[in-house]
Structures are given as structure tokens and as C-alpha cells.
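Report on the following structure.
The values are calculated or read from the model by the stated rules, or taken from the named source; none is laboratory data. The structure displayed is predicted, hence computed values, not measured ones. Here the Cβ positions follow ideal geometry from the backbone for every residue, glycine too, while neighbour counts run over all protein chains shown.
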């Protein structure tokens, strides 16, 4: 087995720690080609995480073929809802039992766009569970978390070996992940929003919904997550989608 050269390892670590990193403020995150191992970019990001509840029970089901089809259908359709083709989406993927997406959101309309995706995801889960119930399959429970932050993005990995990824340093990704773990649990509704996300999409949502009392759709709660004060819980659905589910599924 090849030995790990720990002396060179120490030198590489010191080189990175002693490096004078260049951090640029950007409204829109540049293309991957602009990222190096010596720079980073700070920009407004919004992240959405959808976390399956009781996933250990689901993944250890005796009927593995049925579980595989349920998980494949569930995740593939959530990716369809979360994806975007106009450069607004920065990353989309799967982490264990979570589906996630990260977006560049320099304007409030971009954050509202993200919120609308969570409403569609919430309504889709209702449709999906109705389809499962008709087949005699237990419904899926999931939490949906969304958070916005002015965060730092860096390229990391191992220079020269082709293994590298962007890493998101700040609140948007970690808070969305933590918030998704609260949804649809302990009496909470499925949708969870950080205060920064809520404050930046609520006015746009009022306009979108013809100035209905949309604030009443959200319940502010004291967050049980450390370093997060107030979060907003909701169970918002897309009305025409929901009406279609009631008559066609």
C-alpha cells in the first residue's frame, strides 16, 4: 500500500494556511473557471434542503425493490422542481437522505423564486403521498428548509489530481440543512424559513398573491437550533396544483 508522505502533507497544509487568500465581493458568482485554490468569492446565496423523515426505517425496509422505486421517483421529481436553466442555480445534488439546491440570489425576486420552489415541492409531496397511499405504501414525511446568506464560496480539493469541489462557508447552506430537520416533526408543518429568507420574499409574495394577508400563512417560532433566533413555519401549497391533485390523483 502506498505510504502517505506526512512530511510533505505538513508542508502542503502550511502553504494553504499561510496563503494570502484573495476574496472578491460579487453580485453574481463567476463561472468555475474563475475559481482557483488561492481565491474566494462572497455573494448572496439561498439554499433549499429537503430532508426525508425516518429515512433509516425506510432504507432498511424488507421490500428493497419497492423502496428503491419510491426513493427514485421522489428524489428525481424533487430535482425537477428545484433545478433551473438560467444560471440562477449554482449547485443541486443529494446528500444522504437530503435533496438540496443552492442558488445565486442577489435580488429579492430571486429569493421569492426560491420560495416558490419550496411551495411547489410541498404540494408535490402531497400528490406523491396520495399516489403511494393508493398503492398501499406508507407515505413519506419530509422537512423543507430554506435559508439566505451573504456567504463565502471557495474551491477546495487536491490541486493537480482533478478532485475539487466548491465549499459554501456561511449560513445559507448550514441553516437550510438544519431547518429541514425540523419540518414535519414535533408538530411543525413541513416548510421552514430563516428570518433573512422570509424578510426578503414576503413583500414579493404579497404582490404575487394580490396583497392577501400572506403573513398569516407563516408562524414565527423560536428556533431550537443554536445561533438561529426566529424561524418561520408554514404549509403553503400551490392552489391550482392542489385542485388538480384533488380531482386527478
When restricted to 118, 156, the only residue assigned to a helix (DSSP H, G or I) and in contact (Cβ under 8 Å) with a residue 24 or more places away in the chain is 118
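For every residue, the table says whether it meets (1) assigned to a helix (DSSP H, G or I); (2) under 30 Å from residue 19 (Cβ atoms); (3) modelled with pLDDT of 95 or more.
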{"site": "145", "(1), (2), (3)": "no, no, yes"}
{"site": "149", "(1), (2), (3)": "no, yes, yes"}
{"site": "175", "(1), (2), (3)": "yes, yes, yes"}
{"site": "198", "(1), (2), (3)": "yes, no, yes"}
{"site": "204", "(1), (2), (3)": "yes, no, yes"}
{"site": "225", "(1), (2), (3)": "no, no, no"}
Residues satisfying the stated conditions in the stretch 84-115, i.e. farther than 12 Å from residue 47 by Cα and within 11 Å of the chain's Cα centre (by Cα): 94, 95, 98
List the strands (runs of 3 or more DSSP E) that sit entirely inside the stretch 1-109 and contain at least 1 residues that are touching a strand residue (DSSP E or B) at 6+ places or on another chain (Cβ under 8 Å) and free of Cβ contacts under 8 Å to residues at least 12 places away in the same chain. 89-95
Subset of the stretch 190-241, residues touching a residue at least 40 places away in the same chain (Cβ under 8 Å) and loosely packed, with under 14 Cβ neighbours inside 10 Å, comes to 203, 224
Out of curiosity, is residue 225 under 23 Å from residue 73 (Cα atoms) and in contact with a helix residue (DSSP H, G or I) (Cβ under 8 Å, 6 or more places away or on another chain)? no
Going through the stretch 31-65 in order, the residues found to be surrounded by fewer than 18 Cβ atoms within 10 Å (Cβ to Cβ), within 19 Å of residue 122 (Cβ to Cβ) and modelled with pLDDT of 80 or more are 53
Any chance the stretch 66-87 includes a residue that's touching a helix residue (DSSP H, G or I) at 6+ places or on another chain (Cβ under 8 Å), modelled with pLDDT of 85 or more and surrounded by fewer than 16 Cβ atoms within 10 Å (Cβ to Cβ)? yes
